[in-house]
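Step one of this worksheet: look at the structure below.
The values are calculated or read from the model by the stated rules, or taken from the named source; none is laboratory data. Quick caveat, the model's predicted, so the values are computed rather than measured. Ideal geometry is used to build each Cβ from the backbone, glycine not excepted, and the neighbour counts take in all protein chains shown. For the accessible areas, the whole protein counts, side chains as well, though only heavy atoms, and no ligand, DNA or RNA atoms are used. Shrake-Rupley method; radii C 1.70, N 1.55, O 1.52, S 1.80 Å.
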Amino acid sequence: MDAQANYQRLVSNIVALESAEALLSYDQQTAMPKKGIEARSEVAGKLATLVFDALTSNELADAIKALESEDRLQPEVLASLRSVSKVHRRMRSIPADVYEAFATDRARGQAAWEEARERNDFDTFLPYLERMVGYAKQFAECYGYTGSPYDALLDIYESGMTSQQLDGIIQPLREQLVPFLQELRDNGQAPDKACLEGAFPVAAQRKLSLQALSQLGYDFESGRLDEAVHPFTSGIGAGDVRLTTRFRETDLMSGLFGTLHEGGHALYEQGVPTTLHPLRLAGGSSFGIHESQSRMYENLIGRSLPFWRHFHPELSKAFPQFASVETETLYRAINTVTPSFIRVEADEVTYNLHIMLRYELETELMTDRLAVEDLPERWNQAMEDYLGIRPSSDRDGVLQDVHWSVGYFGYFPTYMLGNLYCAQLFATLRKDLPKLDEQITSGQFAPLLEWLRKHVHRHGAAVEPVELIERVTGEAPNSQFFVDYVRSKYADIYRL
Ligand code: ZN
């Protein structure tokens with residue numbers, strides 16, 4: 001067998017195992033009966049070992065080496081080789097006994113975090129968190145880096161991005177966003193949210209979500225919508241990209257925007273050509289690019305005036321109380337800015353500030369400028385500096401996110417990058433589609449989707465994030481497009 005065929009055989013085996021993992025996990029979160037958890041965990045554990053063994057095998061090492069010495073590889077094969085070999089080398093760099101200890105401590109860490117958050121007790125979580133920080137530092141050394149150890153971790157989620165680049169993106173963002181938020185709070189006219197209050201039967205909410213998804217172009221013959229405690233999207237395989245949302249009877253918009261967000265993720269993966277699947281390139285360019293697609297549909301489209309000019313009548317059909325509300329009033333109500341303690345509840349203006357704070361703390365932890373025990377105080381101070389509010393409990397502060405308890409350091413910045421990439425892509429999109437507002441107002445979402453398919457989706461993971469943004473927008477990733485977008489939108493809504 002030639003080198004390429006051998007490599008593709010091994011990689012497609014890994015893809016098949018990962019597809020089975022994804023399906024089991026999806027089922028666990030949406031449909032599995034409660035008592036199935038023990039047996040399911042065992043199956044999931046065995047499958048995870050098979051995936052780990054396949055990704056770190058000597059056979060794959062040889063196949064990668066053989067293929068690396070070939071020239072004239074097709075671009076997709078080359079992209080696959082770049083991405084798979086990176087994961088392979090990273091996973092092999094960690095000694096097996098260290099990885100096993102990490103997996104055990106991670107499970108304990110998550111359990112300790114759940115309990116600590118419940119009881120608002122940072123001190124009991126502290127030793128577990130210290131261990132996780134220790135692993136992150138150790139892994140960074142194993143993976144290797146040229147600049148900061150943080151870069152080695154960031155690269156897992158946002159391939160090719162460095163903390164130096166990130167600092168250059170964040171600094172102007174911080175300098176403009178913090179005073180703008182202050183200006184909104186001091187001089188802005190906050191919208192009236194009263195029209196969003198009420199009880200909204202879940203069955204009608206579900207119908208509305210399904211309707212929105214199908215209008216946006218989500219293909220229900222290649223996916224489905226389910227409900228889960230923590231909404232997520234899962235690309236199980238070619239022709240099967242599923243999403244979940246969560247409905248609350250008293251909060252209509254949380255369910256709908258959850259659907260639009262996950263819908264953006266799902267449309268992305270539905271747009272990846274089937275030829276990229278067996279090469280392990282179906283999952284999207286990076287976490288940040290993935291998030292740019294979800295934010296596009298949730299915020300830049302879903303929270304826009306043209307969208308509500310189109311969707312308001314649909315909403316009124318489902319919930320007649322909205323028939324007497326002005327579209328403009330509704331639009332302003334769903335775009336209020338309120339500094340809050342909890343990241344996942346944050347609005348478009350404040351969201352990135354939550355991320356900046358986490359990024360700063362993470363880099364300080366990784367470079368020994370901050371001790372884990374000083375985290376709560378440092379967190380609360382940063383909240384005050386950026387958002388003007390100080391949490392009165394760690395539950396509303398440093399204990400709110402699961403990420404650190406399971407060793408995800410370097411992950412948070414991708415949420416912010418998603419917002420920034422999204423605004424940057426959207427500026428080019430608008431130039432290419434001068435009639436976008438009219439199209440959306442009349443419910444034509446196909447030109448938008450076609451543009452995203454052509455410029456983003458069809459590449460899957462074959463193009464790295466920074467290169468993708470530069471190729472499409474002609475500029476390196478930066479925060480100015482986001483700042484301009486937020487300023488113009490919210491200065492108008494808040495009548496500044
Ligand atoms: Zn997302």
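Okay, here's what the table says:
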| item | result |
| --- | --- |
| Of all accessible heavy-atom area on the chain, the percent that carbon and sulfur account for (1.4 Å) | 49 |
| The stretch 63-193: radius of gyration over Cα atoms, expressed as a fraction of 2.2 N^0.38 Å | 1.54 |
| Residue-averaged [θ]222 nm for the chain, counting only DSSP H segments that reach four residues, each worth -39500 (n - 2.57) | -21000 deg cm²/dmol |
| Cα gyration tensor, the stretch 338-466 - rounded (a/c under 1.5), prolate or oblate | prolate |
| Phe482 accessible area, assembled protein chains, probe 1.4 Å, Å² | 10 |
| Label-zone membership for the stretch 239-267, site Val202, 7 angstrom Cα→C-beta point, backbone N under 14 Å | 245-252, 255-256 |
| Cross-link partners of Lys34 among lysines (Cα-Cα below 22 Å; sequence separation of 8 or more within a chain) | Lys46 |
| Only Lys, Arg (+1) and Asp, Glu (-1) charged, at Cβ; the stretch 352-417 dipole about Cα centre in debye | 180 |
| Three-way shape label, the stretch 3-131, alpha-carbon gyration tensor, a/c 1.5 | prolate |
| Accessible area (Å², per residue) of the chain, counting only protein heavy atoms and a probe of 1.4 Å | 44 |
| Options Leu67, Gly109, Leu449, ranked by Cα towards positive dipole end of the chain, top entry (Cβ charges) | Leu449 |
| Too-long pairs where the Cα-Cα distance tops 24 Å, listed order kept, from Lys431/Lys489; Lys65/Lys86; Lys35/Lys207; Lys317/Lys431; Lys193/Lys317; Lys431/Lys454 | Lys35/Lys207; Lys317/Lys431 |
| Whole-angstrom gap from the stretch 355-379 to the stretch 426-496, using each part's C-alpha centre | 33 |
| Gln381 paired with Tyr99, simple spin-label distance in nm, labels 7 Å along Cα-to-beta-carbon | 3.9 |
| Fraction of antiparallel bridges per DSSP, the chain only, in percent to nearest 5 | 60 |
| Shape call, the stretch 233-375: gyration tensor on alpha carbons, a/c limit 1.5 | oblate |
| Distance between the stretch 403-418 and the stretch 34-77 - C-alpha centres, whole angstrom | 23 |
| Top positive-direction residue, dipole computed over the chain with Cβ charges, set Gly237, Ala212, Ala266 | Ala212 |
| Estimated dipole of the chain in Debye, rounded to 20 [Cβ of Lys and Arg +1, of Asp and Glu -1, Cα centre] | 1080 |
| Magnitude of the charge dipole, the stretch 288-371, Cβ model with Lys/Arg +1 and Asp/Glu -1, debye to 20 | 280 |
| In Hz, Karplus ³J(HN,Hα) per residue of the stretch 268-276 (6.51, -1.76, 1.60; θ = phi - 60°; x = Gly, Pro) | 4, 6, 5, x, 7, x, 4, 5, 7 |
| Charge dipole of the chain about the Cα centre (unit charges at C-beta), most positive-ward option of Leu357, Pro95, Gln28 | Gln28 |
